[in-house]
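Beneath this line is the structure, given in structure tokens, with notes to follow.
The values are calculated or read from the model by the stated rules, or taken from the named source; none is laboratory data. All figures in this text were calculated on a predicted structure; none of them were measured in a lab. Glycine also receives a Cβ, built like all others from the backbone with ideal geometry; neighbour counts cover every protein chain displayed. Protein only, heavy atoms only, side chains kept; ligands, DNA and RNA dropped before computing areas. Shrake-Rupley method; radii C 1.70, N 1.55, O 1.52, S 1.80 Å.
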Amino acid sequence: MNNLQNKISVIIPTLNAGNIIEKLIFSLKNQTIYPFEIIIVDSSSDDNTVEIAKKNGCIVHVIKKEEFNHGGTRRFAAEIATGEILVYLTQDIIIENNTTVEKLINGLKTDKLIACTYGRQISKRDASLIERYTRNFNYPEKSVLKSKHTIDEIGIKAAFCSNSFAAYRKECLLEVGNFPHQIIFGEDMFIAAKLILSGYKVYYNAEATVYHSHNYTLKQRFRRNFNIGAFHSNEKWILENFKSANKEGMVYIFQISKILLKIKPLYTIKFILIICLRYFAYFLGKNYKYFSIKDVT
């Protein structure tokens, strides 16, 4: 793992990111381990995303908007990348400081069996109260090393990962089959589960941080949880090997409700209503084959 700066490919899928992509590229170029190649896979943006990326020295591949797929697009990027380490980002993250990528990559140096590492996502300033506590729940302050041996203890969380800010050993990624060509949602959990079941480890590195959050509308929440349900329906092997997500969901509801009751009691009602909507959407998604419902993205 010497000379890591010569072996890294940073991969960013984009769509109409003209107002934010240059700042992200600038942050990457100021990292302590730069230079590395930056690959942009753009879904035929209507703005100047492609021009900005090319101007700043990125390798740019443009695909048709309808060809974008969470798994297939990242699979394509992995195949064309020359790096031995692949760092996946989403266009809307904000990198905390110039050591962020180095800290993320360092997680791969501590143990040769660590095939994937992902960092902490902190809410942006405009994040809603629920979003802030949700981010804190999913991305705590303490780092966690996850493997087959931790499944009994933490269940489905052993396979949790986020490609908004993650790094993979390319050889390990390809060994387990790379990202799937077509997947409705959760390509990151799909690969994390494959890696763990193959004997590798996934490391959540809380010291490597970015700012990333979304204030979802009710429609967006419904769509997201519908797709999670459909993903679990299509990939039954994940829940079969890592246990149901129900227990983790109840822990989340209890912890967030407890906090809200103390600081903003009336907001708890809104939270519970949102949870009901999410579970209904998840139920529909998990049973979409019976209802003849298709992906709503």
Check your understanding: When Rg is the radius of gyration of the Cα atoms in segment 16-62 and Rh is its Kirkwood radius, what does Rg/Rh come to?
Key -> 0.96
Check your understanding: What is the P(r) of segment 192-259, as percent of Cα-Cα pairs per 10 Å bin from 0?
Key -> 14, 31, 46, 9
Review point. Between TYR252 and THR110, what is the spin-label point distance in nm, taking each point 7 Å from the Cα along the Cα→C-beta axis?
Key: 2.5 nm
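Step by step: find N for segment 78-151, compute 2.2 N^0.38 Å, then divide the Cα radius of gyration by it. What's the final number?
Values: Rg = 14.6 Å, N = 74, 2.2 N^0.38 = 11.3 Å.
Dividing the Cα Rg of segment 78-151 by 2.2 N^0.38 Å gives 1.29.
From the C-alpha gyration tensor of segment 246-287, pull out the three semi-axes of the equivalent ellipsoid (sqrt of 5λ each), sorted largest to smallest, in whole Å. Please report the intermediate quantities before stating the final value.
Working: eigenvalues 99, 30, 3 Å².
Over the Cα atoms of segment 246-287, the ellipsoid semi-axes are 22, 12, 4 Å.
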Study note, to complete from the structure: With +1 at each Lys and Arg Cβ and -1 at each Asp and Glu Cβ, the charge dipole magnitude of segment 192-297 around its Cα centre, to the nearest 20 debye, comes out at 300 debye
Check your understanding: In sequence order, what are the phi-derived ³J(HN,Hα) couplings for segment 209-217 according to the Karplus relation 6.51 cos²θ - 1.76 cosθ + 1.60 with θ = phi - 60°, rounded to whole Hz, with x for glycine and proline?
Key -> 10, 9, 9, 7, 6, 9, 9, 5, 6
Practice item. Skip the ligands, DNA and RNA, and give the accessible area per residue of segment 101-249 with a 1.4 Å probe, whole Å². Key: 44 Å²
Check your understanding: Roughly how many percent of the accessible protein surface of the chain is carbon and sulfur, given a 1.4 Å probe and a whole-percent answer?
Key -> 54 percent
Practice item. Report, in whole Å, the centroid distance computed from the Cα atoms of segment 141-218 and segment 51-84. Key: 20 Å
Practice item. List the pair-distance distribution P(r) of segment 150-229, using every Cα-Cα distance, as the percent of pairs falling in each 5 Å bin from 0 up to the bin containing the longest distance, rounded to whole percents. Key: 3, 12, 21, 22, 20, 15, 6, 1
Check your understanding: How large is log10 I(q)/I(0) at q = 0.09, 0.16, 0.19, 0.21 Å⁻¹ when the Debye formula is applied to the Cα atoms of segment 160-297, each weighted equally and without solvent?
Key -> -0.34, -1.03, -1.31, -1.41
Revision key, fill the gap. Largest fluctuation, VAL251, VAL50, VAL202 only, Gaussian network model of the chain with Cα springs under 10 angstrom, belongs to VAL251
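Find the relative contact order for segment 177-297 and round it to a whole percent, using C-alpha pairs within less than 8 Å whose residues are 6+ positions apart.
Values: 82 pairs, mean separation 43.6, N = 121.
Contact order relative to length: 36 percent.
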Practice item. Using the structure shown, select from LYS7/LYS148; LYS112/LYS194; LYS219/LYS243; LYS157/LYS194; LYS7/LYS146 the pairs with a Cα to Cα distance greater than 19 angstrom. Key: LYS7/LYS148; LYS219/LYS243; LYS7/LYS146
Review point. Binning every alpha carbon pair distance of segment 1-91 at 10 Å from zero, what are the percents per bin?
Key: 17, 52, 27, 3, 0
Practice item. Only Lys, Arg, Asp and Glu count, each charged at its Cβ (+1, +1, -1, -1), so figure out the dipole size of the chain about its Cα centre, rounded to 20 debye. Key: 1000 debye
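Tell me the relative contact order for the chain as a rounded percent, counting alpha carbon contacts under 8 Å between residues six or more apart. Show your work: numbers first, answer last.
Details: 530 pairs, mean separation 57.8, N = 297.
Contact order relative to length: 19 percent.
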Practice item. Would you please give the residues with an amide H less than 5 Å from that of ILE114, counting only those at least 5 places away or on a separate chain, with H modeled from the backbone geometry? Key: LYS201
Check your understanding: Taking θ as phi - 60°, what are the ³J(HN,Hα) couplings along segment 249-264 by the Karplus curve (6.51, -1.76, 1.60), each to the nearest whole Hz, with x for Gly and Pro?
Key -> x, 5, 4, 4, 4, 4, 5, 5, 4, 4, 5, 5, 4, 7, 9, 7
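Looking at the P(r) of segment 31-187, how many percent of alpha-carbon pairs lie beyond 21 Å? List each step's numbers first, then the result.
Details: 6418 of 12246 pairs.
Of all Cα-Cα distances in segment 31-187, 52 percent exceed 21 Å.
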Check your understanding: Once Rh is set to the Kirkwood radius over Cα pairs, what Stokes-Einstein translational diffusion coefficient, in µm²/s, holds for segment 49-100 at a temperature of 10 °C and a viscosity of 1.306 mPa s?
Key -> 121 µm²/s
Study note, to complete from the structure: For the chain the translational diffusion coefficient, Stokes-Einstein from a Kirkwood Rh over Cα pairs at 10 °C and viscosity 1.306 mPa s, in µm²/s, is roughly 80 µm²/s
